[in-house]
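What follows is a single structure, written as structure tokens, with notes after it.
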Amino acid sequence: MVGDYVEIIDLGNGEGRVEEILPRRNYFERPSVANIDQLVIICSNAIPKTEPYLVDRMTAVAALKKCDVLICINKCDLDPAEDLAAYYTASGFSTLCVSAETGEGIDRLRAAIGGKLSAFTGNSGVGKSSILNALDPGFQIQVGEVSAALGRGRHTTRHVELYHTADGAEIIDTPGFSSFEADELNLELKHHLPETFPEFIPYLDHCRFVGCSHTKEKGCAVLDAVQDGKIVKGRHDSYIRLYQELKDLKEWQN
């Protein structure tokens, strides 16, 4: 996987053979990446507008993998996305608003990825390639266009590739959300789903009933926190939607 550490045998003449893949700190099946310090989820409130549920699904998988998350909202020159930024900031995520077009926020993003191995992902058309070019013009990555009729972009990233910026950051560029499919929606996520929403954690041990699903039970501390505005309602809506996707998975499907 891109991001693996391996031991190799030097065969000379610029050739080598992989002898061993060293233990991974974390890994994702699709996109195929390993040993990630942080997942940088790039989204947009302009065309194409990112559905928060897709981001919330990825933050849950990242939490399961013990991988930090940085929410990067691009195209803030077209839409400041204040509500979207507030949504994730209130949920405890590091959040940046940037514009690959004007350069706004790019220096803050550069600082946030410095000294780390970051995987960039996001739905097609949000400007991943443009952001990479803004971080280091030497990359000269092809940039796709957004369809005005469909409100979505074309996939310009078709494979996983590792980039090194001039100031020392390491970035893995990955295809869009469409590649982040059901491989990661598995029994492990089903069994640990509440803990993958970090804002739920202070309330999980305070529900009236053991085994509370945090969806509709009376005396649920998580639902009370949503009612009191301590948990963003949209995040809980995403939790319920993900819970419904996972609840019918059976042990034999692992």
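Cβ contacts < 7 Å: first residue farther than 19 Å from K66 by Cβ, restricted to region 196-212; second residue open to solvent by 100 Å² or more (accessible area, probe 1.4 Å), any location; separation 6+ or different chain. Result?
R208/K218
Residues that are part of a strand (DSSP E or B), hydroxyl-bearing (S, T, Y), more than 13 Å from the chain's Cα centre (by Cα) and closer than 28 Å to V226 by Cα: does region 92-105 have at least one?
Filtering region 92-105 down to residues part of a strand (DSSP E or B) leaves 94-97.
From the residues that got through so far, the ones that are hydroxyl-bearing (S, T, Y) too are 94-95.
Those still in the list that are more than 13 Å from the chain's Cα centre (by Cα) too: none.
No - not one qualifying residue is present in region 92-105.
Quick one: is K247 closer than 25 Å to K66 by Cβ and touching a Lys or Arg at 6+ places or on another chain (Cβ under 8 Å)?
yes
For region 205-246, which positions are hydrophobic (A, V, I, L, M, F, W, C) and either loosely packed, with under 15 Cβ neighbours inside 10 Å or not in a helix (DSSP H, G or I) (or both)?
Residues satisfying the conditions are C207, F209, V210, C212, C220, I231, V232, I240.
Would you list the strands (runs of 3 or more DSSP E) that sit entirely within region 1-57 and hold 3 or more residues that are open to solvent by 40 Å² or more (accessible area, probe 1.4 Å)?
Because the criterion is at least 3 residues that are open to solvent by 40 Å² or more (accessible area, probe 1.4 Å), the strands (runs of 3 or more DSSP E) in region 1-57 that meet it are 6-12, 15-21.
Within region 66-91, can you find the residues that are closer than 13 Å to V55 by Cβ and assigned to a loop (DSSP other than H, G, I, E, B)?
Correct list: A81, S91.
If I filter region 156-167 for residues that are open to solvent by less than 50 Å² (accessible area, probe 1.4 Å), closer than 18 Å to V55 by Cα and modelled with pLDDT under 85, do I get at least one hit?
no
The values are calculated or read from the model by the stated rules, or taken from the named source; none is laboratory data. Keep in mind it's a predicted model, so treat the numbers as computed, not measured. FYI the Cβ positions are ideal-geometry reconstructions off the backbone, even for glycines, and counts take in every protein chain you see. Side chains included, ligands, DNA and RNA excluded: accessible areas come from the protein's heavy atoms. Shrake-Rupley method; radii C 1.70, N 1.55, O 1.52, S 1.80 Å.
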